[in-house]
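Below is one structure, written out as structure tokens; the observations come after it.
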Amino acid sequence: MVHKLAPVVLLVLLLTVLTGFASAQTAAPQPFRMLASQANLDIGAAVALQPLLNDPQYVATLIREFNLIVPENALKFAVLSSAPGQYNFSGADYIVDFARANNMKVFGHVLVWHDRIPAWVLNGGYNRDQLLTILRNHITTVVTRYRGKIAYWDVVNEAVNPTGGYRASLWYTTIGADYIETAFRTAHEADPNALLFYNDYSNEGLTAKSDFIYNMVKDLKARGVPIDGVGFHMHQRLDFPPDMAKMRQNIARLEALGLQVRITEMDVQINVSTAPLAERLNQQAKFFGDALSTCLSFSVCTGFTSWGFTDKYTWRSPDTPLMFDSAYQPKPAYFAMNNAFVSYLANLGKVVPEPTVPSLVIQTIGRPVPGQVLTVAFKLYRMAGLYGLETRCQIPPPAVSSGGYTDGDLFTGGNSFVVNGGYNPAEGSWDIAASRLRPNPAISGSGTAFTLRFTLAQATIPVLTCTALAVDAEGRVLPLAVITLSG
Ligand code: XIL
């Protein structure tokens, strides 16, 4: 797809060529999330529970840049269930609640997979009927719990061999190929509004594997099985560049079946090459940028998710396959993705606004003490078109005790407001603050300053993150500021 580039994009590209990626971006780029909302794309990252609980910078970067979360491991069968009929949802619940509190969607990974099957299932010696019952019960239990909260499900993952044909998983060898159909039908019954995906690796191009998957999903569709799309993991390595032309042909044929596609687990290993680091990082950037551009050029490509976002936490460690380095600095891959968004939006004739917050406020202060009154001031610049604002602070559950919950109103008393800390029984977490999103033309303009002041009511706070979200005239939610407090 040929883009007519707006002058501003050409300037960015020129600067990029002349000065290298990093220095071209002296003005803070728009966070992915803001660009993605204008492009109608889910921009996602797989998340791990431990850094979500313990690493404020991880939380701040995630909230600032992404509008979708995939639990990297927390929803896997073996993680959820260690004995027949027993489930521990604490990790998954935390991630799903975190996503909702920060206006992010959730992609549920994964209901049926050959890996991470609990030992009690794997070694249980079950026959076909028994295993079908286990499969159905598992799917019904998990999907029902998150009905209305998880927008997309990865229903069946990695069921096809690299050369085509069904993988000889426990599910296939015991039940037969119809386990796939059963899985989709069961998930749909448990949440008819969730969109259901088949997901696999090395399936984005045109190969024996992607042909097999194409025929499989075509058959499922033809028989009325509720499948909405195909996910491409896109775990990449520099020595195997994906063929974008073939990927486009593959997306087009899936589109013709009435299916969506998504990039679901992208990362790019660079340690497989001995080229100088700068060159490898630029190649990695090209992989990410090309994949995102390709996705953006199809309306049926509804999401782009990477398997993590910081090299600090990646299953490929010690490789550095993601777009933020381990100190949360954006890498060339980040800027390549940014440029892909900007080119796409410019080509559509959409004005790419200046960053709403020139320096997205990320403030970290020391461990707060109970009774302490904290005042956090932040300024919002260039707010044209923004209508409502919500500030919300959340503390992870381990620190909770009981208390009252008070809603604050940001616009009471001019530019400052006071909110009281308290326990929100509905969400099972401590909230300090929140004015509701509502249209408020009074906050348009520039240079508006707000003060958030709250009294702390509990002893230990492992990490507390406040986000300020704005809603614009079209109802899109944009993150404005992230404030983290930690000890
Ligand atoms: C990986 C996780 O990233 C690891 O933390 C875990 O130890 C193993 O699983 N394809 C998938 C993912 O669908 O579930 C895998 O995630 C990576 C490959």
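No lab work stands behind these numbers, since they all come straight from the coordinates. As the structure is a computational prediction, the values presented were derived from the model and not from experiment. As a convention, Cβ positions derive from the backbone with ideal geometry for all residues, glycine included, and neighbour counts pool all protein chains shown.
Between ARG100 and GLU189, the simple spin-label model (points 7 angstrom out along Cα→Cβ) gives 2.5 nm.
The listed peptides 172-178, 339-345, ordered by packing as a protection proxy, come out as 339-345, 172-178 (highest mean of other Cβ atoms within 10 Å first).
With R₀ set to 56 Å, the beta-carbon distance separating THR163 from ALA327 gives a calculated FRET efficiency near 0.85.
Do the alpha carbons of any pairs in LYS105/LYS218; LYS105/LYS221; LYS105/LYS209; LYS76/LYS149; LYS209/LYS246 sit beyond 19 Å of each other, and which pairs?
Working: LYS105/LYS218 28 Å; LYS105/LYS221 26 Å; LYS105/LYS209 30 Å; LYS76/LYS149 17 Å; LYS209/LYS246 13 Å.
Where the Cα-Cα span goes over 19 Å, the pairs concerned are LYS105/LYS218; LYS105/LYS221; LYS105/LYS209.
Of the residues THR140, THR133, THR186, the one with the fewest other Cβ atoms within 10 Å heads the list, and the complete ranking is THR133, THR140, THR186. Of all lysines in the structure, the ones whose alpha carbon falls short of 17 Å from that of LYS312, not counting any fewer than 8 places away in one chain, are LYS331.
Summary of the geometry: region 233-272 and region 50-102, compared by the centres of their Cα atoms, lie 26 Å apart. Full extension of the chain between LEU277 and LEU122 gives 51.5 nm of extra length, using 0.36 nm per residue less the Cα-Cα distance.
Return THR207, THR314 ranked ascending by Cβ neighbour count within 10 Å, so the fewest neighbours appear first. Intermediate values should be presented prior to the final figure.
Details: THR207 17, THR314 22.
The fewest-first ordering by Cβ neighbours comes to THR207, THR314.
Ranked from largest, the principal axis spans of the Cα set of region 160-273 equal 46, 31, 24 Å.
For VAL261, the residues whose modelled amide H falls within less than 5 Å of its own, excluding neighbours fewer than 5 places apart on the same chain, are VAL230, CYS301, THR302.
I need the calculated FRET efficiency for the pair THR144 and SER90, taking r as the beta carbon distance and R₀ as 25 Å, to the nearest 0.05. For R0 = 25 Å, the calculated efficiency reads 0.90. Normalised by 2.2 N^0.38 Å, where N is the number of residues, the alpha-carbon radius of gyration of region 7-347 equals 0.99.
Determine, for HIS233, HIS114, the number of other Cβ atoms within 10 Å of each Cβ, and report the residues in order from fewest to most. Don't skip to the end; give the middle numbers.
On the way: HIS233 20, HIS114 17.
Sorted ascending by nearby Cβ count, the order is HIS114, HIS233.
Fully extending the segment from ASP319 to GLN249, taken as 0.36 nm per residue of separation minus the present Cα-Cα distance, adds 22.1 nm. For region 65-217, the pair-distance distribution built from all alpha carbon pairs, in bins 5 Å wide starting at 0, is 2, 9, 19, 22, 20, 15, 9, 4, 1, 0 percent. Mean sequence separation of contacting Cα pairs (under 8 Å, at least six apart), scaled by the length of region 149-263, corresponds to a relative contact order of 28 percent.
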